[in-house]
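Structure first, then comments.
The values are calculated or read from the model by the stated rules, or taken from the named source; none is laboratory data. All figures in this text were calculated on a predicted structure; none of them were measured in a lab. For neighbour counting, all protein chains shown are included, and Cβ atoms are generated from backbone atoms with ideal geometry for every residue, glycine included. Please note that ligands, DNA and RNA were not included when accessible areas were found on the heavy atoms of the full protein model with its side chains. Shrake-Rupley method; radii C 1.70, N 1.55, O 1.52, S 1.80 Å.
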Amino acid sequence: NNRGLVKWKQIGDYSDGNGFILDVSADDYNGRTLISNNLSVHNGGSGIHAFEAHHADIVNNTAYMNGDKVGYADIFAAYSTDIRILNNIVYSRVGGKANANDANSDVTYDYNIYFNGSLAVTGAHDVVADPLFMNPRLYPRAADFRLKSASPAIDSATVIPGVTPSADLLGVSRPRGAGLDRGA
């Protein structure tokens, strides 16, 4: 529920209010940034936002109904290089944007599940389907973002050696079933 409440002077309008933001990496940055196992719910900006970022892995996150103040995508990458966006669940608001892919170089979206919202890009293993959460809500304390047994997110993610989290958001070891689940 992050919100930008003051208009940005340069554009005369609201901006940001993102859940997680990776913003403007130095051109000579050679490390890798990991954004993993997060639940980002009902933010005014993106759920996860990478702008002019380099060398990052955005894996096994859940973004739910973000972008309602400024219209940004739930998972957003723009003017970025060498970003892997894998194994995420994106549940957008109706009429929202699930992802963004503006002026990127070597940015990969794959093994994600998208529901509602428009898609700027899809990967070969992305799925467009209801992820079947137990009880999704705009306020996480009243919600249950665990997956129902029929969810297409179960056992369908890819393993990224050295990157894939060994436990989920609740601390349950991964993988628990026949394979790795998508989302947090």
Practice problem: Could you tell me whether any residue of the stretch 153-168 is of a type outside the set (D, E, K, R), part of a strand (DSSP E or B) and buried (at least 17 other Cβ atoms within 10 Å of the Cβ)? | Solution: no
Quiz item: Could you say whether any residue in the stretch 170-179 is in contact with a strand residue (DSSP E or B) (Cβ under 8 Å, 6 or more places away or on another chain), over 13 Å from residue 89 (Cβ atoms), open to solvent by less than 60 Å² (accessible area, probe 1.4 Å) and in a loop (DSSP other than H, G, I, E, B)?
Solution: yes
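Quick grid of which residues meet (1) closer than 19 Å to residue 38 by Cα; (2) open to solvent by 50 Å² or more (accessible area, probe 1.4 Å); (3) part of a loop (DSSP other than H, G, I, E, B):
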{"residue": "93", "(1), (2), (3)": "yes, yes, yes"}
{"residue": "122", "(1), (2), (3)": "no, yes, yes"}
{"residue": "125", "(1), (2), (3)": "no, yes, yes"}
{"residue": "131", "(1), (2), (3)": "yes, no, yes"}
Self-check item: Top-ranked residue in the stretch 1-30 [being open to solvent by 30 Å² or more (accessible area, probe 1.4 Å) and among the small types (Gly, Ala, Ser); ranked as modelled with the lowest pLDDT]
Solution: 26
Self-check item: Residue pairs meeting the criteria (Cβ under 8 Å; at least 6 apart or on separate chains; first acidic (Asp, Glu), in the stretch 131-146; second open to solvent by 40 Å² or more (accessible area, probe 1.4 Å) and not in a loop (DSSP other than H, G, I, E, B))
Solution: 144/134; 144/135
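Each row is one residue, and each column tells you yes or no for (1) within 25 Å of residue 13 (Cβ to Cβ); (2) β-branched (Val, Ile, Thr); (3) surrounded by fewer than 24 Cβ atoms within 10 Å (Cβ to Cβ); (4) modelled with pLDDT of 95 or more.
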| site | (1), (2), (3), (4) |
| --- | --- |
| 39 | no, no, yes, yes |
| 57 | no, no, yes, yes |
| 63 | yes, no, no, yes |
| 66 | yes, no, no, yes |
| 71 | yes, no, yes, no |
| 84 | no, no, yes, yes |
| 89 | no, yes, no, yes |
Quiz prompt | the stretch 148-164 residues that are over 15 Å from residue 175 (Cβ atoms), paired with ones that are assigned to a loop (DSSP other than H, G, I, E, B) and small (Gly, Ala, Ser) (beta carbon under 7 Å, 6 or more apart) | solution = 152/129
